[in-house]
1. Among the listed residues A:G110, A:G81, which satisfies the condition of being farther than 18 Å from A:G252 by Cβ and either at pLDDT below 95 or within 14 Å of chain B (Cβ to nearest Cβ) (or both)?
2. What is the one condition in (1) of a type outside the set (K, R); (2) in contact (Cβ under 8 Å) with a residue 40 or more places away in the chain; (3) surrounded by fewer than 23 Cβ atoms within 10 Å (Cβ to Cβ) that A:L497 does not satisfy?
3. May I ask you to verify whether A:G73 is of a type in the set (G, A, S) and touching a His at 6+ places or on another chain (Cβ under 6 Å)?
4. For A:P174, work out the one condition from (1) farther than 30 Å from A:A474 by Cα; (2) surrounded by 22 or more Cβ atoms within 10 Å (Cβ to Cβ); (3) in contact (Cβ under 8 Å) with a residue 24 or more places away in the chain it doesn't fulfil.
5. I'd like the residue in segment A:500-537 that is among the small types (G, A, S) and in contact (Cβ under 8 Å) with a residue 60 or more places away in the chain and, out of all such residues, is farthest from A:L566 (Cα to Cα).
6. How many residues does segment B:38-71 contain that are β-branched (V, I, T) and not in a helix (DSSP H, G or I)?
7. In the set A:V587, A:V592, A:V607, A:V613, which member is closer than 26 Å to A:R382 by Cα, at pLDDT 90 or above and either more than 40 Å from the chain's Cα centre (by Cα) or not aromatic (F, W, Y) (or both)?
8. A:R382 - would you say it is under 20 Å from A:G73 (Cβ atoms) and out of contact with any Phe, Trp or Tyr (no Cβ under 9 Å at 6 or more places or on another chain)?
Amino acid sequence: MRQTDSRPLVAPLPAPSMTLDGRFRCFTPRQVLAAFLVLIAVVPLVLPEFYVTLLNYIGLYAMVALGLVLLTGVGGLTSFGQAAFVGLGAYTTAVLTTSTDLPGWLAWAGGSPWLALGVGLLITALVALLVGSLTLRLSGHFLPLGTIAWGISLYFLFGTMDILGGHTGMSGIPPISIFGWQLDEGHEIYYLIWIFLLAAALTTQNLLDSREGRAIRALKGGMVMAEAMGVNTSRSRMIIFVIAALHAAASGWLYAHMQRFVNPTPFGVHIGIEYLFMAVVGGAGQVWGAIVGAGAITIMKQWLQDVLPAVLGATGNFEVIVFGLLMVLILHRARDGIWPWLARLVPVRGNQIEIDHAAAALPRREMPTRGEVILEARNVTRRFGGLVANNDMSLHVEAGEILALIGPNGAGKSTMFNQLSGVDTPTSGEVLFRGKSIAGHESREIAHLGMSRTFQHVKLLPKMSVLENVAIGAHLRGNRGVIPSAWRLDRAEEARLLAEAARQIERVGLGSHMHDEAGSLALGQQRILEIARALASDPCLLLLDEPAAGLRLKEKQTLGDLLRKLRAEGMAILLVEHDMDFVMGLVDRVVVMEFGQKIAEGLPEDVQKNPAVLEAYLGGVE
Amino acid sequence: MDLQIAILLGQDGITTGAIYALLALALVLVFAVTRVIFIPQGEFVAFGALSLAALQTGNAPATLWLLLACGACVAVLDGRTALARNDGRKLVAVLAANLGYPLLLAALLFAFSPANLPVLVQVALTLAIVVPLGPMLYRLAYQPIAEASVLILLIVSVALHVMMVGLGLLFFGAEGVRTPPFSDARFEFGSILINGQQIWVVLVSALLIVALYLFFDRTIYGKALRATAINRNGARLMGFSPVFAGKLTFLLAALIGVLSGVLIAPVTTIYYDTGFLIGLKGFVAAIIGGLASYPLAAAGALLVGFLESFSSFWASAYKEVIVFTLIIPVLLWQSLNRHHVDEEE
């Protein structure tokens, strides 16, 4: 069913030609893009007006769907309310360009569509910031419900405010003009629409391939990890929410000047739902999927609106029945939409990220002097209801030493680890990192102070390359934001970040897997990847949660060597571990826990002889 | 505004609030057990009311054809599994429930002219036609992806919703209906006038809420559903099938939806797309309860009912805006009560 009857717009690209040795020649992404641009440019010259109009709508819808690709497909946030943002853009320009009695403070913005675009984007950004700050912190499903609610609210507002013309709407909107050239024909505004859309698509693609972009791509399924690497995930969520809203508002602005008329109907929640359908049908994670999805839904809608009333013998929006059914089937059978299927038809050479090894090294943190106490837990107690998981635990780690926290299953090691890394907050007692209390602080603030960690259950982004996963670790060592990333002004810094990530990958011995998908690595290698990622943040304390689990003997030895080298450089390392052979030959000191309490502390050889430890590990079988 | 009007608006608020409370309970229930945010709940309200109206004009409601079609799909899917497993008894059960029952119902409707039956029998027939659509929808749309994320399930819900609205228009046309009230009784308490239908709404809602409470508190199935809501895998290990839990939940949700529709059809005009807004107001109530607490959701429903009836007096054009904006402070309050970053599924 996913192969619909519609012919998505980017399909008619040149077919792959055979080279002399009989293999398929692959196109570079640049060639494909150029072919697409040429196609877009000549279409209005050869097709009749009807199709140009259809393409205008597809372009407008694709712009909104593109925002949803970023928001839903990449960021995992679902919005049914995008149509309301389209309405904001459309109504702002409608009021500003038609009203004859604007209040004095707004009079400067009247009459000019271009000024109205600026004002509309500004208003939309403000509304998105407001709505976003209210709903984005909530867990997944509250946001879409919230979007339905404010989508309805804004729709009814459009319909009831007298200044907006009520349900009859507003007419007499002037066409856009560029340097005196009026775009009042369909094939004229066509170019403006597609320039806007292509600019939006390319900047979105650039953004995703950057420091900010990696943070955004980590939102879906990697938020805990990203926060631990210093990413402000709330900020990243807000960024994509605002960008999606701005795309929608720009589409609304173009729509208003194309139609020269607005009323509330195209900005209701049901249209918002259709936009989401477009993103999902096209392939919710793919920038170009937005255009495919918008094309498929728009063409299909056009066709169904012709066919269905004749078949069913009644008039009405019956195409939604087919759309609904199609959505359910796509979500059951082909959740990635039609883009991946389409992309397979045109062999495009995958573009491997290039690493510039000559890029200047990133500045490093000043390391504490050897022997300085870096991390200290004082009388930490953590209760879960009646259960005391950690009771009065105290320990400290010095710069240039490796401390192991060991204990039988259920001893409370992981809970302690969470207290130390700031993931959880102690019920009483305090945790000091470099003299500062970290209890109750966000884990990204702690990362900023120079603590980095790995996870007991590996947390990486399986679809991203090893290189990009490790580059997330270096997030805090860069500072270029969204706009430089979107316009490729971040390349110098990006090269340094990637070079640093590559260096850490080489250092841990994963150099041969640099460009592989992280999810394709063996579990042991994934653990090593996590260490590389932690190192990329240039920490002074490394917290490792069972780093040797799942490693083969050789790999363990390599890991041991790496940790010794780090120790020699003055790094403090705390590890939670089960593997006694690994621990005893490596660490400087050991803290043993049982039933949430510390039962022994000291040199490995002393601890091994400690009767309480022997009892905990060997005796007391009940 | 004088006291007279305030009392009148208060009555309205309680009546609609009672309906929202029922819907909110159903939404919380469905979400807790299956993680599905059941947007099409509102369509069951509309389908219930419109089917009853069709019966009263002597026609077989088109929802009957939907029941036959859905039943046939389920029969094919489940029948195939039963055949593959060589399970003859299961096959018979599947065919009887999904093909036999709708056909029997169709035969009954054509044998007796429904227009002349007493109202309560018509209501029972409406329930018999529309309510089984609930578990069938679960089987067809949700069961194959029961383990998917909340967001995927939500998008499926929205897809079902638009589909059912489209079907509603096809089945019942764009005209609205208002059915005759169950009773013409009117009661006067001093200057307060209460009509019989309002009493019906409030009483049936209250009864249904008590019945649901008893079901969840006293019966083994109710307890099993609660267990599923708390720990799905745990309930499964104890031998309680999540598929059965899903179907049972959707049966209850559909029952609540259709009953709500039947109850308010005499109070307000129902169109094919009215259900969406009604259902969403149930949602606002459910969100007030954090999609978790039944009493809070019910209290939220009454709040929504009052807010709606009083704002329709003061600022009738902005009625919907006010109700749906109410969700914002609630969400804000909930967002301020969360600190740590959670992983989403």
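The values are calculated or read from the model by the stated rules, or taken from the named source; none is laboratory data. Values in this document were obtained by computation on a predicted structure and should not be read as measured data. Every residue, glycine among them, receives a Cβ derived from its backbone with ideal geometry; neighbour counts consider all protein chains shown.
1. Values: A:G81 fails: farther than 18 Å from A:G252 by Cβ.
One residue alone meets the criteria, A:G110.
2. Among (1) of a type outside the set (K, R); (2) in contact (Cβ under 8 Å) with a residue 40 or more places away in the chain; (3) surrounded by fewer than 23 Cβ atoms within 10 Å (Cβ to Cβ), A:L497 violates only (3).
3. Details: of a type in the set (G, A, S): yes; touching a His at 6+ places or on another chain (Cβ under 6 Å): no.
Answer is no for this residue.
4. Unmet for A:P174, out of (1) farther than 30 Å from A:A474 by Cα; (2) surrounded by 22 or more Cβ atoms within 10 Å (Cβ to Cβ); (3) in contact (Cβ under 8 Å) with a residue 24 or more places away in the chain: (2).
5. Filtering segment A:500-537 down to residues among the small types (G, A, S) leaves A:501-502, A:509, A:511-512, A:518-520, A:522, A:524, A:532, A:534, A:536-537.
Pick out the ones that are also in contact (Cβ under 8 Å) with a residue 60 or more places away in the chain and you get A:502, A:532, A:534, A:536-537.
Values: A:A502: 17, A:A532: 12, A:A534: 12, A:A536: 13, A:S537: 14 Å.
Of everything passing the filter in segment A:500-537, A:A502 is farthest from A:L566 (Cα to Cα).
6. Initial filter on segment B:38-71 (β-branched (V, I, T)): B:39, B:45, B:57, B:63.
Now drop any that are not not in a helix (DSSP H, G or I), which leaves B:39, B:57.
Qualifying residue count, segment B:38-71: 2.
7. Working: A:V587 fails: closer than 26 Å to A:R382 by Cα; A:V607 fails: at pLDDT 90 or above; A:V613 fails: at pLDDT 90 or above.
None of the others qualify; the one that does is A:V592.
8. On the way: under 20 Å from A:G73 (Cβ atoms): no; out of contact with any Phe, Trp or Tyr (no Cβ under 9 Å at 6 or more places or on another chain): yes.
Criteria not met by A:R382.
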